[in-house]
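Visitor: My questions will all concern the structure given below.
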Amino acid sequence: MAETLLDIRGLKTWFKTDDGMVRAVDGVSLYIDRGETLGVVGESGCGKTVTARSVLKLIDMPPGRFEAGQILWRGRDVIPLSPEEMDKIRAREIAIIFQEPMTSLNPVYTVGDQIAEVLRQHDELSRKQALSGAVDMLRLVNIPNPQKRVHDYPHQFSGGMRQRVMIAMALSCKPQLLIADEPTTALDVTIQAQILELMQEMKDKLGMSIMLITHAMGVVAETCQRVVVMYAGKVVEEAPVEALFGNPRHPYTQGLIRSIPRVDRAAARRERLEAIPGTVPSLLHPPVGCRFAARCKYAMDICVREMPPLKEVGPGHRVACVL
Amino acid sequence: MAGLTPVSLTADPHTAAAVTDAPRKQARFSPTREAWRRFRKHRLAMVSSVVLGIILVAVLLGPLVWRVPINEIDFAAKLEGPSWAHPLGTDDLGQDVLARLLYGGRISLAVGFAAMLVACIMGVLVGAVAGMSRGSVDAALMWLADLFLSLPALPLLLLIIYMFRESLKGVFGPEGGVFIMVVAVIGGLRWMQVARLVRAQILSIREKEFIEAARALGASPVRQVVRHILPNALGPVIVAGTIDVAAAIIAESTLSFLGLGFPPDIPTWGRVLFDAKDTIDIAPHWAIFAGAAIFLTVLTINFIGDGLRDALDPRRVL
């Protein structure tokens, strides 16, 4: 049994707005073991990003608030930690990369300076040592000519290259967990493949875990060992990746898998892409019962009345559905 | 997916190196260098830089070269027009106007730059604190800025100078005391614009992804401001600071013209203008040269500010 690095238990991150509480994350539990890649999937607005940011306490408070739950990082709850203690965990133990590589780098410094800065704020290093550390990191993420490229500014890099720089920055302090918040969404497909490949390679080299947040099921199938499917602030299904694609149990998961575009099918039969009808319900006044009920074609009376709990349907496979 | 990777350009370091090597030699675009390239295209600003440079050199080194004393009284040669002995003529006591303007320029310019520094430092501090703290602290500081903006500057200047001139003279001597007072008063009444600028910049920059990224990688709030936000907010502050130099020079001239600035024996440009006004009908050169010195300096500084604004504005294509 592998060591559990991150264990989120019943996390509720709510936001106070003028109209009331938005329950962005409403009782999410998930865990990540050392060395594994966990995929977190779901549509826009279902709480994936808020969950990820909660782990690093990057939520603005107010309006955000931890309503309930624990975030156990190697057995220690991070929610009560002070900002100074959080700064020590950030980058050194847990690092995060964002969706927008085009704007996530500071335009007024060279990339070398930025990587060196991360190194210097966590370790006692001279300027020279930090810069050579930055060169090493750029080499690690396969940027050609790292000795020269460290002196370049972000605008001299392409989107894929900038995401590599972001990964280099995030990994420069050798974190044990990398949270990748839709790292490939802003990139084109071939670059996406390279970045995913790179993350896989880094994971093997540095022995870290990855929490990969995405809405692309294809990406999940390619890279993850386990998958958590989120819907409207809740976990609806959790399974090893083979089980999820081989035997999806929740109607939402089934819908997500069916909505993956397939080049072969579309060309052969001029089939229309299957979409899940409707949109994510308002998290201001979430429905009492199953949150997916309004969009579910199998919905029954009981679905509207009460939220089904997660139940075990196979080894490591849990689903929140009465079916 | 894995099969796609080797297709990429970047996978092969040799070809990539060959492609990127050539252009890199000629251009390494740092923001400073880029701003300089854009600034050079602003012709008026370039001409102004040269003119201001000449004025600065003349004021700094001029008194060492033009060794005529500023207070050598010669009634035989009073109110003379320009001549070889006195290139800019003489005043009502027969003193050399060129020597007096060169010497007084030092003080006028020093007041301008020092007051600008005071205004910028205060403005950046107040603006940064307001922008980062938000909430009630922000509201209070901006309220204070509004309050200062609504004060009529000139009467306030006069009042402060009347109240504190004597006590400051006692502590720092007649010249030092007045210098400190004038700089503090002018700078202290001009920080509001800079504070508002910096606050607005911080409010927009602090929401950018790269600040979030810095925060996610463990940068403390102070570090976020000093290392990441302020350097990005510097452009407008530099422009505002440039304009402030000109405004401070004008303010100092006004004070001197009203006889409230430096003691009468120190010929700042405003003071010279004040002394010249009574004889403007018989000896116009005296007032014209003093006025021209102020006019040229302020005008060139404003043009340079214009050029800097264009050069530092990323939305403008140059």
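Visitor: Looking only at the stretch B:248-284, which residues are over 19 Å from residue B:180 (Cβ atoms) and part of a helix (DSSP H, G or I)?
Guide: Scanning the stretch B:248-284 gives B:250, B:257, B:269, B:272, B:273, B:274, B:275, B:276, B:277, B:278, B:279, B:284.
Visitor: Could you tell me how many of the residues in the stretch A:74-102 are surrounded by 20 or more Cβ atoms within 10 Å (Cβ to Cβ) and part of a strand (DSSP E or B)?
Guide: Selection size over the stretch A:74-102: 5.
Visitor: Could you check the stretch A:166-181 and list, in sequence order, the residues that are crowded, with 21+ Cβ neighbours inside 10 Å and either part of a strand (DSSP E or B) or more than 8 Å from chain B (Cβ to nearest Cβ) (or both)?
Guide: At the first step, the residues of the stretch A:166-181 found to be crowded, with 21+ Cβ neighbours inside 10 Å are A:166-172, A:175, A:177-181.
Selection gives A:167, A:168, A:171, A:172, A:175, A:177, A:178, A:179, A:180, A:181.
Visitor: While we're looking at this one, here's another question. Determine which single condition residue B:184 fails, assuming it passes every other condition in (1) surrounded by fewer than 18 Cβ atoms within 10 Å (Cβ to Cβ); (2) over 20 Å from the mean Cα position of the chain (by Cα); (3) of a type outside the set (S, T, N, Q).
Guide: With (1) surrounded by fewer than 18 Cβ atoms within 10 Å (Cβ to Cβ); (2) over 20 Å from the mean Cα position of the chain (by Cα); (3) of a type outside the set (S, T, N, Q) applied to residue B:184, the lone miss is (2).
Visitor: Now for a separate question. Can you name the condition, by its number, that residue A:22 falls short on among (1) over 16 Å from the mean Cα position of the chain (by Cα); (2) β-branched (Val, Ile, Thr); (3) within 12 Å of another protein chain (Cβ to nearest Cβ)?
Guide: Of the numbered conditions (1) over 16 Å from the mean Cα position of the chain (by Cα); (2) β-branched (Val, Ile, Thr); (3) within 12 Å of another protein chain (Cβ to nearest Cβ), the odd one out for residue A:22 is (3).
Visitor: Right, next: With in contact with a Leu (Cβ under 6 Å, 6 or more places away or on another chain), closer than 18 Å to residue A:97 by Cα and not polar (S, T, N, Q) as the only criterion, which of A:216, A:193 stands out?
Guide: On the way: A:216 fails: in contact with a Leu (Cβ under 6 Å, 6 or more places away or on another chain).
Being in contact with a Leu (Cβ under 6 Å, 6 or more places away or on another chain), closer than 18 Å to residue A:97 by Cα and not polar (S, T, N, Q) holds for just one of A:216, A:193, which is A:193.
Visitor: From the list B:195, B:251, B:219, B:214, exactly one residue is more than 24 Å from residue B:148 (Cα to Cα) and surrounded by 23 or more Cβ atoms within 10 Å (Cβ to Cβ). Which is it? Before you say what the answer is, go through the steps one by one.
Guide: Values: B:195 fails: more than 24 Å from residue B:148 (Cα to Cα); B:251 fails: more than 24 Å from residue B:148 (Cα to Cα); B:219 fails: surrounded by 23 or more Cβ atoms within 10 Å (Cβ to Cβ).
The unique qualifying residue is B:214.
Visitor: To continue, here is another question. Consider residue B:197 carefully, then state whether it is within 14 Å of residue B:131 (Cα to Cα) and within 14 Å of chain A (Cβ to nearest Cβ). Talk me through it step by step, then tell me what you get.
Guide: Working: within 14 Å of residue B:131 (Cα to Cα): yes; within 14 Å of chain A (Cβ to nearest Cβ): no.
The answer is no for residue B:197.
Visitor: Right, something else. Take the residues in the stretch A:27-46 that are crowded, with 22+ Cβ neighbours inside 10 Å and at pLDDT below 85, then tell me which one is farthest from the chain's Cα centre (by Cα). Give the derivation first.
Guide: So in the stretch A:27-46, the residues crowded, with 22+ Cβ neighbours inside 10 Å come out as A:28, A:32, A:37-42, A:46.
The next check asks that each one be at pLDDT below 85; those that pass are A:42, A:46.
On the way: A:42: 10, A:46: 12 Å.
Applying the filter and picking the extreme gives A:46.
Visitor: A further question on this structure: When you scan the stretch B:295-306, do you find a residue that is in a helix (DSSP H, G or I), free of Cβ contacts under 8 Å to residues at least 12 places away in the same chain and under 18 Å from the mean Cα position of the chain (by Cα), even just one?
Guide: Start the filter on the stretch B:295-306 by keeping residues that are in a helix (DSSP H, G or I), which leaves B:295-306.
Narrowing the set further to residues that are free of Cβ contacts under 8 Å to residues at least 12 places away in the same chain leaves B:295.
Going one step further and asking which of them are under 18 Å from the mean Cα position of the chain (by Cα), we end up with B:295.
Looking for residues that are in a helix (DSSP H, G or I), free of Cβ contacts under 8 Å to residues at least 12 places away in the same chain and under 18 Å from the mean Cα position of the chain (by Cα), one finds at least one in the stretch B:295-306, hence yes.
Visitor: I've got another one for you. Yes or no: residue A:194 more than 19 Å from residue A:55 (Cα to Cα), at the interface with chain B (Cβ under 7 Å from one of its Cβ atoms), crowded, with 21+ Cβ neighbours inside 10 Å and not small (Gly, Ala, Ser)? Walk me through how you get there before you give the answer.
Guide: Working: more than 19 Å from residue A:55 (Cα to Cα): yes; at the interface with chain B (Cβ under 7 Å from one of its Cβ atoms): yes; crowded, with 21+ Cβ neighbours inside 10 Å: yes; not small (Gly, Ala, Ser): yes.
Considered against the rule, which asks whether it is more than 19 Å from residue A:55 (Cα to Cα), at the interface with chain B (Cβ under 7 Å from one of its Cβ atoms), crowded, with 21+ Cβ neighbours inside 10 Å and not small (Gly, Ala, Ser), residue A:194 comes out as yes.
Visitor: Here is a further query. Scan the stretch A:98-112 residue by residue and report those that are more than 7 Å from every other protein chain (Cβ to nearest Cβ), over 18 Å from residue B:30 (Cα atoms) and among the polar types (S, T, N, Q).
Guide: Result: A:99, single match.
Visitor: Here are some conditions: (1) at the interface with another protein chain (Cβ under 8 Å from one of its Cβ atoms); (2) crowded, with 19+ Cβ neighbours inside 10 Å. Residue A:163 meets all but one. Which one does it not meet?
Guide: Of everything listed in (1) at the interface with another protein chain (Cβ under 8 Å from one of its Cβ atoms); (2) crowded, with 19+ Cβ neighbours inside 10 Å, residue A:163 misses just condition (1).
Visitor: For the stretch A:113-129, give me each residue that is surrounded by fewer than 24 Cβ atoms within 10 Å (Cβ to Cβ), within 8 Å of chain B (Cβ to nearest Cβ) and not acidic (Asp, Glu). Working first, answer last.
Guide: First pass over the stretch A:113-129, keeping only residues surrounded by fewer than 24 Cβ atoms within 10 Å (Cβ to Cβ): A:113, A:117, A:119-129.
When the remaining residues are screened for being within 8 Å of chain B (Cβ to nearest Cβ), the result is A:117, A:121-122.
Once the filter is applied, which keeps residues that are surrounded by fewer than 24 Cβ atoms within 10 Å (Cβ to Cβ), within 8 Å of chain B (Cβ to nearest Cβ) and not acidic (Asp, Glu), the stretch A:113-129 yields A:121, A:122.
Results for (1) over 17 Å from the mean Cα position of the chain (by Cα); (2) part of a strand (DSSP E or B); (3) away from chain B (no Cβ under 14 Å), shown as yes or no for each residue.
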site: A:198; (1), (2), (3): no, no, no
site: A:204; (1), (2), (3): yes, no, no
site: A:211; (1), (2), (3): no, yes, no
site: A:230; (1), (2), (3): no, yes, yes
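Visitor: Among the residues in the stretch B:189-196, are any touching a helix residue (DSSP H, G or I) at 6+ places or on another chain (Cβ under 9 Å), of a type outside the set (Asp, Glu) and farther than 24 Å from residue B:302 by Cβ? Talk me through it step by step, then tell me what you get.
Guide: Taking the stretch B:189-196 and keeping what is touching a helix residue (DSSP H, G or I) at 6+ places or on another chain (Cβ under 9 Å), we get B:189-196.
This time we only want the ones that are of a type outside the set (Asp, Glu), so: B:189-196.
From the residues that got through so far, the ones that are farther than 24 Å from residue B:302 by Cβ too are none.
The answer is no; no qualifying residue exists.
Visitor: I want to confirm something. Restricting to the stretch A:65-97 and keeping residues that are at the interface with chain B (Cβ under 8 Å from one of its Cβ atoms) and over 20 Å from residue A:174 (Cβ atoms), which single residue is nearest to the chain's Cα centre (by Cα)?
Guide: Among them, the one singled out is A:83.
Visitor: Could you look through the stretch B:201-253, keep only residues that are polar (S, T, N, Q) and more than 8 Å from chain A (Cβ to nearest Cβ), and pick out the one that is farthest from residue A:107 (Cα to Cα)?
Guide: Here is the first cut: in the stretch B:201-253, the residues polar (S, T, N, Q) are B:201, B:204, B:220, B:224, B:232, B:242, B:253.
Narrowing further to those that are more than 8 Å from chain A (Cβ to nearest Cβ): B:201, B:204, B:224, B:242, B:253.
Details: B:201: 15, B:204: 15, B:224: 14, B:242: 24, B:253: 41 Å.
Here the answer is B:253.
Visitor: Out of everything in the stretch A:1-26 that is basic (Lys, Arg) and buried (at least 17 other Cβ atoms within 10 Å of the Cβ), what residue ends up being modelled with the highest pLDDT? Quick ask: steps written out before the conclusion?
Guide: Our first condition is that a residue be basic (Lys, Arg); within the stretch A:1-26, this holds for A:9, A:12, A:16, A:23.
Subset that is buried (at least 17 other Cβ atoms within 10 Å of the Cβ): A:12, A:23.
Numbers: A:12: 87, A:23: 84.
Restricting to residues being basic (Lys, Arg) and buried (at least 17 other Cβ atoms within 10 Å of the Cβ), the top hit is A:12.
Visitor: Tally up the residues in the stretch A:118-156 that are more than 22 Å from residue B:216 (Cα to Cα), in a loop (DSSP other than H, G, I, E, B) and not small (Gly, Ala, Ser), please.
Guide: 6
Visitor: The conditions are (1) outside any helix (DSSP H, G or I); (2) among the acidic types (Asp, Glu); (3) at pLDDT 85 or above, and residue B:207 fails exactly one of them. Which is it?
Guide: Among (1) outside any helix (DSSP H, G or I); (2) among the acidic types (Asp, Glu); (3) at pLDDT 85 or above, the lone unmet condition for residue B:207 is (3).
Visitor: Report, ordered by the first and then the second residue, all pairs with beta carbons closer than 6 Å, sequence separation of six or more or different chains, a first member in the stretch A:56-73 that is free of Cβ contacts under 8 Å to residues at least 40 places away in the same chain, and a second member that is hydrophobic (A, V, I, L, M, F, W, C).
Guide: These pairs meet every condition: A:57/A:86; A:58/B:216.
Visitor: Of all residues in the stretch A:130-157 being among the polar types (S, T, N, Q) and touching a helix residue (DSSP H, G or I) at 6+ places or on another chain (Cβ under 8 Å), which is farthest from the other protein chains (Cβ to nearest Cβ)?
Guide: Of the residues in the stretch A:130-157, the ones among the polar types (S, T, N, Q) are A:132, A:142, A:145, A:147, A:156.
When the remaining residues are screened for being touching a helix residue (DSSP H, G or I) at 6+ places or on another chain (Cβ under 8 Å), the result is A:142, A:145, A:147.
Working: A:142: 7, A:145: 5, A:147: 11 Å.
Once the filter is applied, the top-ranked residue is A:147.
The values are calculated or read from the model by the stated rules, or taken from the named source; none is laboratory data. What you see is a predicted model; the values in this text were computed from it and never measured. Backbone-built Cβ (ideal geometry, glycine too); neighbour counts: all protein chains shown.
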